[in-house]
Each structure stands twice: as structure tokens, then as C-alpha cells.
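All remarks here apply to the structure that follows.
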Amino acid sequence: MRRTLPAVLITVLTALSLAGCGNSDSGPVIDQVREAGVLKVGTEGTYTPFSYQGPDGQLTGYDVDVIRAVGDKLGVSVEFTQTPWDSIFAGLEAKRYDLVANQVTVNDERSQKYDLSTPYTYSEGVIVTRADDNSITSLADLNGKTTAQSATSNWAQVARDAGANVESVEGFVQAITLLKDGRVDATVNDNLAVAEYQKQTNDTGVKVAAETGDTSEQAFAARKDSGLMPDIDKALDELRADGTLAQISQKYFGTDVSVPTN
């Protein structure tokens with residue numbers, strides 16, 4: 001035993017040393033992405049038309065196409081992990097993926113906590129109610145009402161700031177279901193998502209009752225000090241300049257949502 005113990009220790013220490021050298025969590029994320037040739041991206045996969053399952057069962061959508069185009073500019077492949085919105089940032093912080101591509105609205109809190117890219121989508125907030133409800137015609141009318149929202153979304157905060165009680169849901173479709181069932185009074189969301197829902201379903205049971213007056217800018221999000229954003233922003237600049245962002249926008253919206261409306 002005395003003669004074999006040092007050999008065992010050496011074996012263990014060597015293995016630990018090699019494991020440490022192979023630790024993929026060390027160094028800036030951009031270096032890991034370049035070395036692996038893969039950009040890992042978190043997205044919902046249930047948020048039409050931004051990130052959803054196409055008729056063929058494959059992940060598609062505006063955000064999906066944009067980040068794939070960014071990956072092409074970076075010379076890396078894109079690997080997606082689908083996760084509900086309310087846990088998407090927890091997955092980012094747990095290092096399940098490098099980047100969130102899911103209409104992350106730019107605000108002060110997120111800017112302080114995460115690395116955010118330059119915006120690649122500009123949109124307006126709208127309030128959706130039942131078609132026969134005329135009690136809500138402005139943001140102020142949400143005071144005392146109940147809205148259905150993803151709890152951690154920017155629109156949930158808009159509703160709360162207006163004095164609404166927020167019922168947490170996993171996504172927009174669930175919010176519409178609660179609304180039509182009479183369990184909530186309204187839902188606040190992105191005008192692009194609402195327009196897409198109405199186009200796909202022709203749902204006459206709901207209507208856009210008012211605009212919130214909020215212009216939103218959406219960006220990609222990464223962990224703080226990831227080192228990713230200079231490369232991501234450069235890729236977005238190139239995609240904007242060569243017309244790719246406009247082309248992807250036209251595909252999903254019939255207009256260019258990658259530039260400010262004003």
C-alpha cells in the first residue's frame with residue numbers, strides 16, 4: 001500500500017489538472033465561442049413570429065433567422081436551447097447558453113445586469129381586450145384591472161406601472177386564452193406579436209383597444225463582461241448595411257422592423 005499510494009495520488013492529481021485545463025467556463029465567452037465554433041442561444045420557441053415551431057416542426061422565426069445570420073457573419077454555427085421566457089435569464093446565468101435571442105426589451109435594469117447588443121427590432125406596445133369590452137381605451141384605464149403577462153417581461157412592468165394587477169402566464173397565447181375566458185381584463189404586448197396572432201387566427205373575439213405609448217427596442221442579451229457584443233454588434237451593422245435585416249423583416253412582417261419607426 002505504501003508503495004502504490006504515491007502513484008494513485010499522481011494519477012488523481014493529473015486527472016484534476018487536465019480537467020481544469022479543459023474547463024470551458026474559463027475566459028471570455030467570445031473566446032469560447034470562437035474556439036468551439038458554436039454560439040449557444042436560448043430562445044422560447046413558442047413566441048410567434050419571433051421564435052416558434054414551423055409547419056415542419058423546425059425552429060424558425062424572426063429572431064431565429066437574425067441570430068443565424070449573425071452566426072454566419074461570425075463564422076460559427078448556432079445551437080438553440082428552448083426555454084420558457086420566465087426562466088430564460090436564469091438559464092443564461094447558469095451558463096446553459098451564451099446569448100438570449102427572444103425580443104429582449106432594452107431597459108435600465110437589464111442594461112446594468114447584462115451585456116446588450118444594439119437593437120435589431122423596434123416596436124410599439126398595445127393593449128388587447130375582449131372585442132365587446134369598451135372599458136379600456138387608454139393605458140390609464142388599466143388601473144385596477146387585471147392583465148395576463150409573462151411575469152418577468154417588460155410588458156408586465158408596463159401593466160404594473162399603470163396600476164394593473166398582473167396574472168402570470170407562460171406566453172401570449174395563454175394570455176389570450178385567459179382573456180377570452182373572462183379571467184383577466186386585458187393583456188399588454190408587442191404590436192408585432194399581436195398583429196401576427198390576428199393574422200394567423202383571424203380571432204374576432206379580441207381587439208387592440210389602445211396603444212401604450214411605449215416604443216420598445218429589442219436586443220440580444222449575454223452575461224455581463226462576456227466580450228460577445230463587439231462582434232455581435234459588428235455583425236448586426238453588416239447585416240443592416242447589406243440589407244439582410246430588412247429582408248428578414250419583410251419575410252415576417254411585410255415591413256422593416258429593424259430600424260426606428262420615427
Counting DSSP beta bridges with both ends in the chain, the antiparallel % (nearest 5)
65
Using the alpha-carbon atoms, what tilt in degrees (0 to 90, nearest 10) does helix 229-241 show relative to the longest principal axis of the chain?
50
Taking the Cα centre of the chain as the origin and placing charges on Cβ (Lys, Arg +1; Asp, Glu -1), which of TRP155, VAL173, GLN32 is farthest toward the positive end of the dipole?
GLN32
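In the range 57-97, how does Rg compare with the Kirkwood Rh, expressed as the Rg/Rh ratio over alpha carbon atoms?
Values: Rg = 11.5 Å, Rh = 11.5 Å.
Ratio value, two decimals: 1.00.
Give me the 1.4 Å probe accessible area per residue for the range 115-214, excluding ligands and nucleic acids, in Å². All intermediate terms of the calculation are to be shown ahead of the outcome.
Numbers: 4300 Å² over 100 residues.
Solvent-accessible surface per residue comes out at 43 Å².
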Which of ASP56, ASP132, ASP98 ends up with the largest GNM mean-square fluctuation for the chain, with Cα atoms connected below 10 Å?
ASP56
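In debye, nearest 20: dipole of the chain around its Cα centre with unit charges on the Cβ of K, R (+) and D, E (-)?
Dipole of the chain, to the nearest 20 debye: 1000 debye.
Using the per-residue mean of other Cβ atoms lying within 10 Å as a proxy for protection, in what order, highest first, do the peptides 208-214, 66-72 fall? Don't skip to the end; give the middle numbers.
Values: 208-214: 16.6, 66-72: 21.6.
Ranking the peptides 208-214, 66-72 by packing returns 66-72, 208-214.
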So, with points 7 Å from each Cα along the Cβ direction, the THR81-ASP237 label distance in nm works out to 3.0
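What's the carbon and sulfur percent of the chain's accessible surface, probe 1.4 angstrom, rounded to a whole number?
49
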What fraction, in whole percent, of alpha-carbon pairs in the chain exceed 30 Å separation?
35
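In square nanometres, what is one fourth of the surface area of the convex hull spanned by the alpha carbons of the range 122-213? Let's see the in-between values first.
On the way: hull surface 20.7 nm².
The number I arrive at for the range 122-213 is 5.2 nm².
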Full extension between LYS113 and ASP56 adds, at 0.36 nm per residue less the Cα distance, a length in nm of 16.8 nm
Which entries in the list LYS40/LYS224; LYS73/LYS224; LYS73/LYS234; LYS40/LYS251; LYS95/LYS234 go over 19 Å, if you measure between the two C-alpha atoms of each?
LYS73/LYS224; LYS40/LYS251; LYS95/LYS234
In the neighbourhood of TYR252 defined by beta carbon distances under 15 Å, the net charge of the other residues (Lys, Arg +1; Asp, Glu -1) is -2
Separation between Cα centres of the range 77-136 and the range 163-228, rounded to whole Å
11
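The values are calculated or read from the model by the stated rules, or taken from the named source; none is laboratory data. On a predicted model such as this, the values are computed, not experimentally measured, just so you know. Here the Cβ is made from the backbone with ideal geometry for all residues, glycine too, and neighbour counts use every protein chain on show. All accessible areas refer to the heavy atoms of the entire protein, side chains included, with ligands and DNA or RNA removed. Shrake-Rupley method; radii C 1.70, N 1.55, O 1.52, S 1.80 Å.
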